[in-house]
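As structure tokens, the structure follows; a few thoughts come after it.
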Amino acid sequence: MEKSEKFSDYLFAKMGPPTSTTLNGTELPPKTTERSGAPRELTGYRRWLQDNLMLLVTLSGVLLGVIFGFSLRPLNLHEDSIMLISYPGELFMRVLKLMILPLIISSLIAGSASLNARMNGKIALRTLVYFVTTSFLNALLGIALVLLIHPGDPNLHNTVDRSTDKRAVNLLDSLLDLGRNVFPDNLFQASFQQAHTVYLPKPNILHTFNETLNDTTMGTELEPVEEVLSEQQAKNVLQPTLIRVVQYRSGTNTLGIVFFCLVFGTILGTIGEKGQIVVDFFTAVFEVIMKMVTCVMWLTPIGISSVIAGKILGVNDLHLVMEQLMWFIVTNLIGVGLYQFIIMQAIYFVIVRRNPFKFYVGLIQPMLTAFATASTAAALPITFRCMNDKLRVDQRISRFVLPIGCNINMDGTALFIAIASIFIAQMSGIVLGFGELVTVLLTSTAASMSSASVPSAALVLLLVVLTAIDAPVQDVTLLFAVDWCVDRMRTTNNMLGDCYAAAVVEELSRKELMALDAAILYQVIQNRR
């Protein structure tokens, strides 16, 4: 009898205390978790603080940067002092950018290898259609807002540097450069250089001919060639002719690396068990990078506050610039707000059928990082962390969509280019007809998808649209004064567009993902047998 009682006590101890506090009228002892030595699960505001600690850290960095920046402006600090204030932020940016390349390579190869080739094609097509559609909607929204608000003031021409330097750019060159970067001829070169088209003066025939005469006559006096040629011939020879030349500039060609990794990962997934060790290797690399990101995130208050304070202190005449271009900034801000809080949420709700604002709140931390760094690529490590850990988006989709969207999905850039091009036309007194507006719509959409994920890249693409509608490209110099502010607004659109694209593509691909999970489970069961 004594043994049976001990055995029953043992069973009750293994099962744990029951949910009720009484048994047959007898009060039970307290639960083991209620003892003083056992950890208690946090509830209420303590649970909320624990779950959102990193968000509060990031937000504090943004607020401290704004406060310090505006507080130190009256002191008129020396350039060296501003550089020292910006230095921690520079190091923070460099560490984040250091992780971009290994993160993109590991995520794309591991993500595309976990899907079959047919799935990769379907997901890529859905992703591309979503990106083109949202960029088109942003360009259309920008045109509507700039025509309605009309921020362009011809009096602003007095503050613009009216230089006569014109840069030869067109949309065809941008699209061809996009193709050259998607298909790099050297993968190692793609890690630090990008291909781009420049216009250089054609070698002067007259200058070459004169040099040849000087070399052959050895001091013999001859009549200058300019006097022998007719006036029209001399004019044609003396005027330099610009020719296209493909050169390389510094910067990671992420598009080429993305394309190679997609193809490599897709084929890797087709060879079965032979390639599993390679898949496991890149999966481990991805997990290591994400742990490194977690460590770096605790430096966010110092890094982000330093970046923002340095930008605010670096603007020469902040009040004058804001006063002159206030309506341009307001137009961009309204466009960003309408897209983020209405259009994007409506797309998410219609397709995913869930609360879109709950998804939006979960992305505040990477959005603040993108705002501070003005780069979608720099915020990519933190975006991955939130999408995978907090929002629970399928990692096979997020690893596939986010690196691609980081390079070709520029919703905020399309919005900015459309607004800025018509703003400059209004400022110059140019009335755009329906055909010119359609040109702005199409070129803004196309140019935004060839944008680099670096700060202020949109100003270079703006020249393409201005050339297409024959607007003065010199007036772009005015926008440099406020681009540090507007760039951060549009970067949040770019980053959120990638995240919402991943959620939408996951919902549209749910049947294929479930079928793939079932096939993997069946294969595991077969192997165990």
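The values are calculated or read from the model by the stated rules, or taken from the named source; none is laboratory data. Owing to the predicted nature of the structure, the values given are computational and were not obtained by experimental measurement. Note that each Cβ is placed from the backbone with ideal geometry, even for glycine, and that neighbours are counted across all protein chains shown. Ligands, DNA and RNA are stripped out before the accessible areas are found, and what is left, the full protein with its side chains, is counted by its heavy atoms. Shrake-Rupley method; radii C 1.70, N 1.55, O 1.52, S 1.80 Å.
Below, the figures for the structure above:
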item: Helices (runs of 4 or more DSSP H) (entirely within segment 423-528) containing at least 2 residues that are buried (at least 19 other Cβ atoms within 10 Å of the Cβ); result: 434-448, 457-468, 476-479, 483-508
item: Residue match in segment 257-267 (condition: open to solvent by 40 Å² or more (accessible area, probe 1.4 Å), at pLDDT 85 or above, over 27 Å from the mean Cα position of the chain (by Cα) and not aliphatic (A, V, I, L, M)); result: no
item: Boolean, G412 is of a type outside the set (A, V, I, L, M) and either surrounded by fewer than 24 Cβ atoms within 10 Å (Cβ to Cβ) or more than 30 Å from V62 (Cα to Cα) (or both); result: no
item: Residues located in segment 268-288, provided they are in a helix (DSSP H, G or I) and either of a type in the set (A, V, I, L, M, F, W, C) or under 20 Å from the mean Cα position of the chain (by Cα) (or both); result: L268, I277, V278, V279, F281, F282, A284, V285, F286, V288
item: Among residues of segment 72-97, those that are open to solvent by 70 Å² or more (accessible area, probe 1.4 Å) and over 19 Å from A379 (Cα atoms), counted; result: 8
item: Residue check for Q324: open to solvent by 10 Å² or more (accessible area, probe 1.4 Å), of a type outside the set (A, V, I, L, M, F, W, C) and either modelled with pLDDT of 85 or more or over 24 Å from L262 (Cα atoms) (or both); result: yes
item: Check on D389, in contact with a helix residue (DSSP H, G or I) (Cβ under 6 Å, 6 or more places away or on another chain), surrounded by fewer than 24 Cβ atoms within 10 Å (Cβ to Cβ) and over 20 Å from L145 (Cβ atoms); result: no
item: Leading residue by the ranking (farthest from the chain's Cα centre (by Cα)) among those in segment 114-138 that are open to solvent by less than 50 Å² (accessible area, probe 1.4 Å) and modelled with pLDDT of 85 or more; result: I123
item: Every residue from segment 289-320 that is within 18 Å of I85 (Cα to Cα), in a helix (DSSP H, G or I) and of a type outside the set (A, V, I, L, M); result: T300, P301, G303, S305, S306, G310, K311, G314
